[in-house]
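> I'd like to ask you about the structure that follows.
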Amino acid sequence: MSLNESLNDTPRGERLHLAVFGRRNAGKSSVINALGGQETSIVSPVSGTTTDPVYQPMELLPVGPVVLIDTAGLDDVGDLGQLRIHKTMRILNKTDLALVAVDAVHGACEFELELLRTIAAREIPSIVFLNKIDLLTAQGDEGEADSAAARVEAVLGCKPICLSAATGFGIGELKTAIAAALPRGEDKFRIVGDLLSPGDLAVLVVPIDKAAPKGRLILPQQQTIRDIMECDAVAVVTKEQELGHTLAALGRKPRLVITDSQAFLKAQADTPKDVPLTSFSILFARYKGDLPRLVSGVRAISRLRDGDRVLIAEACTHHRQSDDIATVKIPRWLREKTGRQLQIEHAAGSDFPEGLEQYSLIIHCGACILNRRAMLQRMEEARVAGVPIVNYGVFIAYVHGVFPRAIEMFPSAMLAWADEGI
């Protein structure tokens, strides 16, 4: 991502994810191009043209910023085809709305019905569309299109939207259906805005060190500032060395102080005890995941034993610094806190490694590039594997002795803390 994109575009993790699923050559790529009004996906009459998921951020009126995901056909064949199908099904982990493509010429059968069952089991809303309707009406028989739609409805139990990506027929109706199926913007969870009132002061502690991007703030800091401004509160940004002076110069107490997790100790020392203190990473644990569950995962730290395996997971890849938080700082803090000889492993990217059950603890990044559904899916995979999970902010607050202050403004997290008796 370029600097200009990171500053001005809606981050992918903040966009609703719409994925198109179906058989090969059902016209999935053509529909994505028609929805976006531009040729973003390769279209070919040859089956299996799309081999890997293709992500296309765009503005989709009247929905707003979304990511359209083009996927490989779920009826692909051979060993390579099975790998493509596996990748496609993993896309469900981050899908907010599934668009199911049915070829109007071939219709639907048990294959599409099973796909819809899989989608419904994930509690993902879906829309079925019947593409290539123009091929049925080319001979002037409008009734054939209605009959095809009726046959699909009889098999799948839902009425499809008839459309033609080639002519544009029905694309407007599909957009309207998408807008109706997706959550409204005002229903989305806030990063911090629900904790503030208009005119409140929020002080943000932002270290400027060798890990900070040159000339800009990192994504969670940018997004938090924007959220504060959108609720008509005031964001005051300072470095950790200047926090005490900044608080003294404000003239009134801030509603809260939000710090980079790595500056927790300095921020706690300089922030009056009657001023709530938390971190960007804890805010994102609540915003992108399930904060009470992450707080509950903290108790696993005291139960670690020599030889236990710990996974440090990051959703993105980036250039490692000499004092990198994932590979250097967190392992050091974990060993200092537990006094144990641990096997610490690292994973970066869109998926967890296979065999999660072998780990005794997962320490996850702040998930700023993931959407909420993707992070919740990761937490669910950890639950199914029986592995406790925490995120960076929760972990750092705990090992530095900043609990429960760092979570006291979140009643459900405090309840989890009390229930675990940590």
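The values are calculated or read from the model by the stated rules, or taken from the named source; none is laboratory data. Keep in mind that what you see is a predicted model, and the values were worked out from it rather than measured. Cβ: placed from backbone, ideal geometry, glycine included. Neighbour counts: every protein chain shown. All accessible areas refer to the heavy atoms of the entire protein, side chains included, with ligands and DNA or RNA removed. Shrake-Rupley method; radii C 1.70, N 1.55, O 1.52, S 1.80 Å.
> GLN82 to ASP146: FRET efficiency via 1/(1 + (r/R0)^6), r the Cβ-Cβ distance, R0 51 Å, to the nearest 0.05?
0.85
> Then there is this: Roughly how many debye, to the nearest 20, is the charge dipole of the chain about its Cα centre, given +1 on each Lys and Arg Cβ, -1 on each Asp and Glu Cβ, and no other charges?
The dipole magnitude comes to about 1520 debye.
> Further question on the same structure: Apply the Debye scattering formula to the chain, with a single equal point scatterer on each alpha-carbon and no solvent, then give log10 I(q)/I(0) at q = 0.13 Å⁻¹.
Ignoring solvent entirely, the Cα scatterers give -1.13.
> OK, next. Would you mind calculating the gained length between GLU345 and MET409 on full extension (0.36 nm times residue separation, minus the Cα-Cα distance), in nm to one decimal? Please list the in-between numbers first.
Values: separation 64, 0.36 × 64 = 23.04 nm, distance 3.28 nm.
Full extension from GLU345 to MET409 adds 19.8 nm.
> Another question about this same structure. Could you give me the percent of Cα pairs per 10 Å distance bin for the stretch 16-181, shortest bin first, beginning at zero and ending with the bin that holds the maximum distance?
For the stretch 16-181, the pair-distance distribution reads 11, 43, 38, 9, 0.
> Count the DSSP beta bridges whose two residues both fall in the stretch 16-181, then state the antiparallel fraction as a percent rounded to the nearest 5. Working shown, then result.
Working: 7 of 25 bridges.
For the stretch 16-181, the DSSP antiparallel bridge percentage is about 30.
> Then there's this: P(r) of the stretch 265-379 in 10 Å steps, Cα pairs, percent per bin?
Histogram of Cα-Cα distances, whole percents per bin: 12, 39, 39, 10, 1.
> Could you identify which residue out of LEU116, LEU370, LEU136 has the top mean-square fluctuation in a GNM of the chain using Cα springs shorter than 10 Å?
Per the Cα network of the chain with a 10 Å cutoff, LEU136 tops the list.
> Here is the link list: LYS94/LYS239; LYS94/LYS175; LYS273/LYS337. Which ones come out longer than 32 Å on Cα distance?
On the way: LYS94/LYS239 35 Å; LYS94/LYS175 20 Å; LYS273/LYS337 25 Å.
Cα-Cα > 32 Å for LYS94/LYS239; rest within.
> Please give the helix 142-156 orientation as an angle from the longest Cα principal axis of the chain, in degrees from 0 to 90, rounded to the nearest 10.
50 degrees
> Average the reciprocal distances over every distinct pair of alpha-carbons in the stretch 193-275, invert the result, and give the Kirkwood radius in Å. Before the final figure, lay out each step's value.
Values: mean 1/r = 0.0763 Å⁻¹.
After inverting the mean inverse Cα-Cα distance, the result is 13.1 Å.
> Can you tell me how the stretch 327-422 classifies by the Cα gyration tensor, rounded, prolate or oblate, using a/c under 1.5 as the rounded cut? Could you put the intermediate results ahead of the total?
Working: a/c = 1.58, a/b = 1.15, b/c = 1.38.
Taking the square roots of the gyration eigenvalues as a ≥ b ≥ c, the stretch 327-422 is oblate.
> What is the antiparallel percent of DSSP beta bridges lying wholly in the chain, to the nearest 5?
15 percent
> Ignoring ligands, DNA and RNA, what percent of the 1.4 Å accessible area of the stretch 290-419 is carbon and sulfur?
After summing per-atom areas, the C and S share lands at 47 percent.
> Taking the Cα centre of the stretch 210-307 as origin, sum charge times position over the Cβ atoms of Lys and Arg (+1) and Asp and Glu (-1), and report the length of that vector in debye to the nearest 20.
260 debye
> Can I ask one more? For ILE218 paired with VAL234, estimate the spin-label separation in nm (one decimal), with each label point 7 Å from Cα along the Cα-to-Cβ line.
About 2.8 nm separates the two model spin labels.
> May I pose another question? For HIS106 and LEU265, calculate 0.36 nm times their separation in residues minus their Cα-Cα distance, and state this gained length in nm to one decimal. Write down the numbers at each step before the final one.
Details: separation 159, 0.36 × 159 = 57.24 nm, distance 6.38 nm.
Full-extension gain reported as 50.9 nm.
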